[in-house]
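Here the structure is laid out as C-alpha cells; the discussion comes afterwards.
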Amino acid sequence: MTKKVIEGSDAVAIAAKLCRVQVFPMYPITPSTHIPERIAEFIANGELDAVMVDVESEHSAASAVIGAAASGSRTFNATSSQGLAYMFEMLPIISGLRMPTVMAVANRALSAPLNIWNDHSDSVSCRDQGWIQLYAHTSQEALDTIIHAYKISEDKGVLLPTMVNLDGFMLTHVFEPIDLPEQKKVDAFLPPFKAPYVLDPKNPITIGAVGFPDTYMLFKKEQQEAMLASLEVIKKVNKEFAKEFGRGYGDGLLELYRMEDAQFALVGMGGLCGTARVAVDEMRKEGKKVGLIRVRALRPFPRKELQDAMRNLQGAAVIDRHVSLGFEGPLFTDVRSTIYCNDITITNYIAGLGGRDITVQHLKKALNNLIEGKPRGEWLL
C-alpha cells in the first residue's frame, strides 16, 4: 500500500478508479463536485479506461446509469442534497431493475433555507427506495467502502445498488493520510463485473416491463429478500476485506466502541461518531460505563446485531442528523422498533442539522441525562 495525504473526495475518486469503473454519468453539485473532477482527470490522463458521460442534470445522470448498467457496464456516480432529490424518480427504478451500481453521496442538507453544509437529510430521505445505504466516518473508510460496495452489490444473491455516504465538507474537503490499496490486490478482491442480463441486439430481452397487479408485489418481495440477504454479504465482504487489506469496520453493519461493559451508549451514523468517541473516552475517565454504537448500514437495517449490541444496556441516546418533521429522528424510529420489547431507556436527540456543530459537550449531555435518570429527547442547539 501507498500512504498519501489527500482530500476525501480524491479518496472516493481513487476508489472508483481502483474498481475499474467503466462508465461515469456525472453532473457536479457541491460538495460532491471534486469527485467527478478527479475522475475526469484520471480519464484524460490515461490512468483510467472509462467513459464520462456529461449530462444536463442529476436526473439525467441517474437515467444514464440505467442505460450503462443495462448494457453490462460497471457504473459509478456521485451527488449530493438537491441533486439526489432530483434523482429521486430514478432511484426506485435502478433498484427495481436490480442494477448493482454504486453512488457516492456527499451528505448535505436539503433546502429550504438554502444550505450547503452537512447533515443526513438527503440520503436518509431516500432510505425506502431499495438502495443499500452504508455510512462512512472517515475518508479511509469512504475509499474502502466504495470497494466493498461493488462486491456487495454485484453478488448474485443481492444485485441491488449501493449508496456510500460521507459527510459533505467534513470528509469530502478534508485532507487525511490515506492508505491506497494496490491495484493488483483490488483486482484480486473485486473481479470484473459480469451482469447476468444485458441489453444485446443479438440476444434481445426486455428490461423494465410493466408489473401488473398480479406480479408487482412478487418483484417487491424479491427485492426485500435480496436486501435481507445482503446483511450476511456485507458482513462477509467486510471480513474478507479486513483479511486482505488489514482494515475492517466492526462486523460491516455495526462498529462498537468500548461496549464490552457499557451500561449506556450513544447510537449514531457518520462523522459525528469521531466526536462521540472523544466524549466516551472522557466519560470513561470519570468512571462512567459508556460506549458507542456506530450504525454503518442503515439499509438493510441490522436488527439482530443491534439487539445483541444493546442487550446489556440500561439506556441509549440516539443522535439523528435528520428529522422526520412531525414525528422524530428516523434512526431513532428504527432503533426503538428494534428493541421495543426490551427494558431499555432510549431517547432521541436531533443534532447537526445544516452543518451545526455537534460538540463533545452535546454528546456528554445526552449520556449524562440517561445516567441521571432524565431520559428526555431534545434538539441539541
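The values are calculated or read from the model by the stated rules, or taken from the named source; none is laboratory data. Not measured: the values here are computed from a predicted model. Please note: Cβ atoms are built from the backbone with ideal geometry, for glycine as well, and neighbour counts cover all protein chains shown.
Would you confirm whether any residue within the stretch 181-192 is surrounded by 15 or more Cβ atoms within 10 Å (Cβ to Cβ), closer than 20 Å to His137 by Cβ and touching a strand residue (DSSP E or B) at 6+ places or on another chain (Cβ under 6 Å)? Spell out the reasoning first.
Going through the stretch 181-192, the residues surrounded by 15 or more Cβ atoms within 10 Å (Cβ to Cβ) turn out to be 181, 186, 189-190.
Filter once more, keeping what is closer than 20 Å to His137 by Cβ: 181.
Still in the list and also touching a strand residue (DSSP E or B) at 6+ places or on another chain (Cβ under 6 Å): none.
No.
What do you reckon, is Gly274 within 15 Å of the chain's Cα centre (by Cα) and within 29 Å of Met170 (Cβ to Cβ)? So that I can check it myself, show each step before the final result.
On the way: within 15 Å of the chain's Cα centre (by Cα): no; within 29 Å of Met170 (Cβ to Cβ): yes.
So Gly274 fails the test.
Tell me which strands (runs of 3 or more DSSP E) are completely within the stretch 125-224 and hold 1 or more residues being of a type in the set (Phe, Trp, Tyr), or say none if there are none. Don't jump to the end; show me each part of the working.
Working: elements: 132-135, 162-167, 175-180.
Those strands (runs of 3 or more DSSP E) span 132-135, 175-180.
Select from the stretch 192-209 the residues that are in contact with a helix residue (DSSP H, G or I) (Cβ under 9 Å, 6 or more places away or on another chain) and either basic (Lys, Arg) or free of Cβ contacts under 8 Å to residues at least 40 places away in the same chain (or both) and list them in ascending order.
Tyr197
Could you please give the count of residues in the stretch 333-359 that are free of Cβ contacts under 8 Å to residues at least 24 places away in the same chain and not hydroxyl-bearing (Ser, Thr, Tyr)?
Total satisfying the criteria: 4.
Can you tell me which residue is surrounded by the fewest Cβ atoms within 10 Å (Cβ to Cβ) among those in the stretch 244-287 that are of a type in the set (A, V, I, L, M) and part of a strand (DSSP E or B)? Steps first, please.
So the first thing to find is which residues in the stretch 244-287 are of a type in the set (A, V, I, L, M), and the list is 253-254, 256, 259, 262, 265-267, 269, 272, 276, 278-280, 283.
Okay, now just the ones that are also part of a strand (DSSP E or B), so 254, 256, 265-267.
Values: Leu254: 20, Leu256: 17, Ala265: 29, Leu266: 28, Val267: 27.
Checked the stretch 244-287; the qualifying residue surrounded by the fewest Cβ atoms within 10 Å (Cβ to Cβ) is Leu256.
Hey, does the stretch 356-365 have a residue that's modelled with pLDDT of 95 or more, in contact with a Gly (Cβ under 6 Å, 6 or more places away or on another chain), buried (at least 16 other Cβ atoms within 10 Å of the Cβ) and more than 30 Å from Leu228 (Cβ to Cβ)? So that I can check it myself, show each step before the final result.
Residues of the stretch 356-365 modelled with pLDDT of 95 or more: 356-365.
Subset that is in contact with a Gly (Cβ under 6 Å, 6 or more places away or on another chain): 358.
In the following step, the residues that additionally are buried (at least 16 other Cβ atoms within 10 Å of the Cβ) were identified as 358.
Then keep just the ones that are more than 30 Å from Leu228 (Cβ to Cβ); that gives 358.
Yes; the residues of the stretch 356-365 include at least one that is modelled with pLDDT of 95 or more, in contact with a Gly (Cβ under 6 Å, 6 or more places away or on another chain), buried (at least 16 other Cβ atoms within 10 Å of the Cβ) and more than 30 Å from Leu228 (Cβ to Cβ).
Given the criterion under 21 Å from the mean Cα position of the chain (by Cα) and of a type in the set (Asp, Glu), identify the matching residue among Glu58, Glu37.
Details: Glu37 fails: under 21 Å from the mean Cα position of the chain (by Cα).
The unique qualifying residue is Glu58.
What tally of residues in the stretch 302-323 results from selecting those that are out of contact with any Ser or Thr (no Cβ under 7 Å at 6 or more places or on another chain) and surrounded by fewer than 21 Cβ atoms within 10 Å (Cβ to Cβ)?
Summing the residues that are out of contact with any Ser or Thr (no Cβ under 7 Å at 6 or more places or on another chain) and surrounded by fewer than 21 Cβ atoms within 10 Å (Cβ to Cβ) in the stretch 302-323 gives 5.
Tell me whether the stretch 129-147 contains one or more residues that are touching a residue at least 40 places away in the same chain (Cβ under 8 Å), under 18 Å from Ala62 (Cβ atoms) and surrounded by fewer than 21 Cβ atoms within 10 Å (Cβ to Cβ).
Within the stretch 129-147 (the criterion being touching a residue at least 40 places away in the same chain (Cβ under 8 Å), under 18 Å from Ala62 (Cβ atoms) and surrounded by fewer than 21 Cβ atoms within 10 Å (Cβ to Cβ)), the answer is yes, since at least one residue qualifies.
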